[in-house]
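Enquirer: Here it is: the structure, laid out below.
Any read-out appearing in this document is the output of simple, stated calculations on the displayed coordinates, not a laboratory observation. Model, not experiment: these values are computed from the prediction. Heads up, the Cβs are rebuilt from the backbone with ideal geometry, glycines too, and the neighbour counts pull from every protein chain shown.
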Ligand SMILES: [Ca+2]
Ligand SMILES: [Ca+2]
């Protein structure tokens, strides 16, 4: 009897301690609080806007999950704007492609060497710049030889977008000016202030480039709740009535 009561009290203290620890530092959620953790439901005000512009196409992963795909493969040049519910650290992985024929690396019926360019800004202040890493996976026409155009490909690792992917050997992205990239009108209609255009070291010949970047804490310094484990907590508020 006495042992059981001690057990219950111990569980209660442990649960309360874990809950207090979590309240003080929401990033460190207790493994087993003994009771369901209550968490305010996230609102749209908890989200951040992501603006992304790629010449010509991109796919964006955040913390290993698909977050956005450019809905237009080639032209017109468009901005993709989506809402994100951010958690930190935030691993961003982007595959960007310049429009290029798979065999020649050229565009417009093999008459032109096109160039790339990528820029991104999140509402938390995250921007593209030379602190990002970049690696080219398809290059052409090799040596700018348009008479006998040839493409060199590097196999793309299956887990290139994973949080634990090892990019330690990758080099920094290169920044390009607006003049060099020549973005089209939609770029100027969205907020990219402070963001830099990036690509690999060769914006003309490198046609498939992967970028990776880790945002350790919100650049704007704003404290945000970590909702990454939302499916395992009980939201505050009255329980939902069962659907009939
Ligand atoms: Ca190109
Ligand atoms: Ca292009």
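Enquirer: Considering Cα pairs under 8 angstrom that are at least six residues apart, work out the relative contact order of the range 148-237 and quote it in whole percent.
Expert: Value for the range 148-237: 26 percent.
Enquirer: Testing the spin-label approximation: label points 7 Å from Cα along Cα→Cβ at residue 244 and residue 163. State their distance in nm.
Expert: So the label points at residue 244 and residue 163 sit 4.3 nm apart.
Enquirer: Highest first, please rank the peptides 211-223, 96-108 by the mean number of other Cβ atoms sitting within 10 Å of their residues. All intermediate terms of the calculation are to be shown ahead of the outcome.
Expert: Values: 211-223: 14.7, 96-108: 19.4.
Descending packing order for the listed peptides: 96-108, 211-223.
Enquirer: Grab the beta carbon distance between residue 66 and residue 148, set R0 = 30 Å, and tell me the FRET efficiency rounded to 0.05.
Expert: About 0.20, to the nearest 0.05.
Enquirer: Once you have a ≥ b ≥ c as the square roots of the Cα gyration tensor eigenvalues for the range 120-244, tell me rounded if a/c is under 1.5, and otherwise prolate or oblate according to whether a/b is larger than b/c.
Expert: Prolate, since a/c reaches 1.5 and a/b exceeds b/c.
Enquirer: So what is the relative contact order of the range 44-215, in percent, for Cα pairs below 8 Å that sit 6 or more residues apart?
Expert: 31
Enquirer: With a/c under 1.5 counting as rounded, go ahead and sort the range 156-207 into rounded, prolate or oblate using the C-alpha gyration tensor (a ≥ b ≥ c being the square roots of the eigenvalues; past the cut-off, prolate if a/b is larger than b/c, else oblate).
Expert: Verdict is prolate for the range 156-207.
Enquirer: Provide the packing ranking of 113-120, 163-170, i.e. peptides ordered by the mean count of other C-beta atoms within 10 Å per residue, highest first.
Expert: 113-120, 163-170
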